[in-house]
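Novice: Got a structure here, written out as structure tokens. Questions coming.
The values are calculated or read from the model by the stated rules, or taken from the named source; none is laboratory data. What you see is a predicted model; the values in this text were computed from it and never measured. Backbone-built Cβ (ideal geometry, glycine too); neighbour counts: all protein chains shown. Just the protein is used for accessible areas: all its heavy atoms, side chains included, with ligands, DNA and RNA removed. Shrake-Rupley method; radii C 1.70, N 1.55, O 1.52, S 1.80 Å.
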Amino acid sequence: IRGNSYATEARSDADGRFSFSGLNSGEYELSVDPSTLPNGYLAAELKPQNIHIENGFPATVDFRIKAFRTIEGTVKTFEPAVGAYVAVKELDVHLREINKAVQTDAAGQFAFLDLPAGKYTLVVGSGAREVTREVIVSAEPTVMRIDIKLDHRE
């Protein structure tokens with residue numbers, strides 16, 4: 001916190017709460033040091049906030065820090081001619097609950113970025129080749145890896 005000829009810092013507790021006491025009335029700027037954030041949180045959108053303090057009256061400032069949440073993986077199918085699993089390219093992969101879709105790349109890889117926390121149904125392919133997996137994305141930053149192997153029956 002800076003302002004009114006005063007500057008100091010505080011560390012938030014495990015719940016993200018912080019406080020300053022004994023501040024004189026006046027205008028202050030509060031900011032978060034991005035280097036102190038745990039891995040997996042987006043600091044780019046974290047802007048300083050201005051606040052007016054009056055003696056004897058508490059004030060509240062909230063900083064919203066976005067967590068990175070990703071589901072990524074690969075889709076492969078068994079190829080009898082080579083006796084191994086090979087990448088499936090250009091296959092549709094969906095997250096049903098948020099109606100988001102991507103296609104696998106040449107290496108069979110897919111990724112869903114910037115996800116809200118929640119429960120999802122990952123749908124790979126369509127029709128007779130549709131495969132589903134239930135995925136729970138936590139509120140914490142996470143990169144979930146889901147690798148799918150299809151065989152001739154899927």
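Novice: Return the distance in nm (one decimal) between the two label points of a simple spin-label model at His52 and Ala14, each offset 7 Å from Cα along Cα→Cβ.
Specialist: Calculated label separation equals 3.8 nm.
Novice: Out of every Cα pair in the stretch 37-87, what percent are spaced more than 18 Å from each other?
Specialist: Distances greater than 18 Å cover 64 percent of the Cα pairs.
Novice: Moving on to the next point. Calculate, for Lys89 and Glu134, the FRET efficiency according to 1/(1 + (r/R0)^6) with r their C-beta to C-beta distance and R0 30 Å; round to the nearest 0.05.
Specialist: FRET efficiency, Lys89 to Glu134: 0.75.
Novice: Rounded to the nearest 10 Å², what accessible area does Glu29 have for a 1.4 Å probe in the complete protein model?
Specialist: Rounded to the nearest 10, the figure is 80 Å².
Novice: Using bins 5 angstrom wide from zero, how does P(r) for the stretch 50-154 break down, in % of all Cα pairs?
Specialist: 3, 11, 19, 18, 13, 9, 6, 5, 4, 3, 3, 3, 2, 1, 1, 0
Novice: Sort Arg129, Arg17 by accessible area with a 1.4 Å probe, largest first.
Specialist: Arg17, Arg129
Novice: Right, something else. Could you grab the Rg to Rh ratio for the stretch 1-111? Cα atoms only, Kirkwood for Rh.
Specialist: We get a ratio of 1.31 for the stretch 1-111.
Novice: Under a Cβ-only charge scheme (Lys and Arg +1, Asp and Glu -1), can you give me the dipole magnitude of the chain about the Cα centre, in debye to the nearest 20?
Specialist: Here the chain has a charge dipole of around 300 debye.
Novice: Moving on to the next point. Keeping every protein chain in place, order Lys119, Lys100 by accessible area at 1.4 Å, biggest value first, i.e. largest first.
Specialist: Ranking Lys119, Lys100 by accessible area, largest first, yields Lys119, Lys100.
Novice: Please list Ser19, Ser138 in order of solvent-accessible area, largest first, computed with a 1.4 Å probe with all protein chains present.
Specialist: Ser19, Ser138
Novice: Right, another one. If R0 is 30 Å, what FRET efficiency do you get for Glu27 and Arg64 from their C-beta distance, rounded to 0.05?
Specialist: 0.85
Novice: Then there's this: With bins 5 Å wide starting at 0, give me the P(r) of the stretch 10-50 over every alpha carbon pair, in whole percents.
Specialist: Final binned percentages: 5, 15, 26, 27, 14, 8, 3, 0.
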